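Taking it in order: structure first as structure tokens, then the write-up.
Bear in mind these aren't lab numbers, they're just calculated from the coordinates by the rules spelled out. Bear in mind the structure is a predicted one, so any value in this text is a computation, not a measurement.
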Amino acid sequence: MKFSDIMRTTKDRIRQAVSFEALGVILSVPLAVFIFGFDLDKTSVLGIVGATMATAWNYAFNLMFDHGLKRMTGSTRKSLKTRLLHAFSFEAGLLVVFLPFITWWMDIGLVEALVVDFAFIAFYLVYAFVFTWCYDTIFPDDDASDRRRPA
């Protein structure tokens, strides 16, 4: 069995990323408008820019992280400790990039922008868990499907 036989295709990964971000914006923007009382138009732009930044950062960060990990350890295998470092580093990097935009675009102070950013982080943590579970159920990859498990 080749490695590519058990992994998602590029087309599937693009479908997953686009559907994740599109649905995320559709759900998070009205929620942010309701919770924070922001203008829908400005919040929509915030959501779209945030999703675009997150997608670009995800690609760049994972590329850098995996290359650094391979250089340091000889492998891209991630222990629990490494996964925690990865998750927190990813969110910290996104915070550094997105926070100035939130402050500027929404014309709010740094503390309020932090609250908004942490609210988006909390939303996306729960949303990512639910979305990925649903996506994997609707579009299982060959390696994860029940038909590959011995009876």
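Taking only Cα atoms, what is the 0 to 90° angle, nearest 10, from helix 110-138's long axis to the longest principal axis of the chain? Helix 110-138 and the main axis of the chain meet at about 30 degrees. Working from Cα pairs under 8 Å separated by at least six residues, relative contact order for the chain is 30 percent. Three principal axis extents describe the C-alpha atoms of the chain; from largest down they are 54, 37, 24 Å. Computed from Cα positions, the angle between helix 40-73 and the longest principal axis of the chain comes to roughly 40 degrees. Counting lysine pairs in the chain that sit 8 or more residues apart in sequence, or on different chains, and whose Cα atoms lie under 23 Å apart gives 5.
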